[in-house]
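In what follows, a structure is listed as structure tokens, so that the remarks can point back to it.
Values in this text are rule-based calculations from the coordinates and carry no lab data. This one's a predicted model, so the numbers in the text were calculated from it and none came from an experiment. Note that we place each Cβ from the backbone using ideal geometry, even for glycine, and neighbour counts take in every protein chain shown.
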Amino acid sequence: MIYFYISVADPIYILSLTVQKEILERDLARKILENEKLILHNAPRKSQKLYQQREMSIFSAENFTKDDKLLRYYCGFYNSEFNAVFKFLVPDSSNSPLKMSKNMKINIKIKDQLFFTLCKLRNNLDFTDLGYRFQISTQDCSSLFCDWINFMYFRFGEVCIWPPRDIIIKNMPESYKEDLPNTLAIIDGTEIKIQNPSSLHAQSQSYSNYKSTNTLKALVAVDPRWSLLFTSCLFSGAISDKDIFEQSGFKKMLQNLVQHGHINEGDGIMADKGFNIHREVEECKLKLNIPPFANAGLQMTQADALLTKKDCCTSSTC
């Protein structure tokens, strides 16, 4: 027969164990609380570090501020130039004037949006490539680029790029200055061939008799050294040179330049024989200079031939 003996524990011993258990539980709770406080304390640092690592991994203008050459390679501007362009386009970065396309979800700083656009213009990076670099979808890349191009067109279109009169005259080729010292600009219509429109009305509107095809036409003005002074929007190829002179806004710009003293009354504008705009130029208080040309069945005079030759030589050397 087996006997089991149950010893009755000492009450004092049981009490001591209970006290030790409570002490251990309080210590454990305190350690857990300290650990939670430590986690909460380190969380912002860890989050900030992760944010900084993410920012550095994103292709952004901020990451190139210390490398002017690399920034210029990607966007065409040095850091100071890039900041100046951004300041002109977006005077208040906290209130963007740019209207985004609907349904476009992007989380890119507005400064990086400009950087994105310039990267596309400078290097023609594919939208798939840009989407990977800036961590946005290819579709959003296309929408963002179009929105910025339209916005930049209107902002830069407000800027007059016509230099002061004395600067134009100072930089004239000597051979040009001898004969045309006050002729500050040369204008011409530039035509771009387009696909034949399906609409008969559009075909007739865009057909150019000069090019014998369908075109779009722009008015371009350059100085005697062929620096760009003005370029218009594109018009249908059938528009006359006289109409494009007025409708492009070039006539109004000339009037403003004369009014504000940027060019003098009596200064000249050179154009070819197709520009029948003598009256319109005179209304601007300017003079129209058209190089000599031979009439049908007649030869040029020796003086006209020499002047035309000199003009051609000037054009080829500018």
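The stretch between Thr213 and His278, if pulled fully straight at 0.36 nm per residue, gains 20.6 nm over its current Cα-Cα span. Multiplying the residue separation of Met100 and Arg26 by 0.36 nm and subtracting their alpha-carbon distance yields 20.8 nm. Each residue in Lys242, Lys120 was given a count of other beta-carbon atoms within 10 angstrom of its own, and listing them fewest first yields Lys242, Lys120.
Once the other residues with Cβ under 12 Å from the Cβ of Asn123 are scored (Lys, Arg +1; Asp, Glu -1), what is the net sum? Don't jump to the answer; show the numbers that get you there.
Numbers: positive: Arg72, Lys120, Arg122, Arg133; negative: Asp126, Asp129.
So the environment of Asn123 carries a net charge of +2.
Of Leu180, Leu121, the sequence from fewest to most neighbouring Cβ atoms within 10 angstrom is Leu121, Leu180.
The phi torsions of the range 193-208, fed into the Karplus equation with coefficients 6.51, -1.76 and 1.60 and a -60° offset, translate into couplings of 5, 10, 5, 4, x, 6, 6, 5, 5, 5, 4, 5, 6, 9, 6, 9 Hz, rounded to whole numbers, with Gly and Pro shown as x.
Net charge of the neighbourhood of Leu286, taken over other residues with C-beta under 11 Å away and scored Lys/Arg +1, Asp/Glu -1, is -2. Oblate is the label for the range 61-156. Its Cα gyration tensor axes, ordered a ≥ b ≥ c, give a/c of at least 1.5 and b/c at or above a/b. Under the simplified labelling scheme, the Glu246-Gln259 pair shows an inter-label distance of 1.8 nm, with each label point 7 Å from Cα along Cα→Cβ.
Length gained on full extension, Ser227 to Phe88: 47.8 nm, using 0.36 nm per residue less the C-alpha separation. Ordered by the count of other Cβ atoms within 10 Å of each Cβ, fewest first, Ser60, Ser96, Ser199 give Ser199, Ser96, Ser60. Shown in residue order for the range 182-187 are the 3J(HN,Hα) couplings computed by the Karplus curve 6.51 cos²θ - 1.76 cosθ + 1.60 at θ = phi - 60°: 10, 8, 8, 9, 10, 10 Hz (x for Gly and Pro).
Could you tell me whether the range 179-301 comes out rounded, prolate or oblate from its Cα gyration tensor? Rule is a ≥ b ≥ c as square roots of the eigenvalues, rounded for a/c under 1.5, then prolate if a/b exceeds b/c, otherwise oblate. Let's see the in-between values first.
Details: a/c = 2.28, a/b = 1.45, b/c = 1.58.
It comes out oblate by the Cα gyration axes.
Around Lys37, under 13 Å between beta carbons, what's the net of Lys plus Arg minus Asp minus Glu among the other residues? List each step's numbers first, then the result.
Working: positive: Arg30, Lys31; negative: Glu34, Glu36.
Neighbour charge sum, excluding Lys37 itself: 0.
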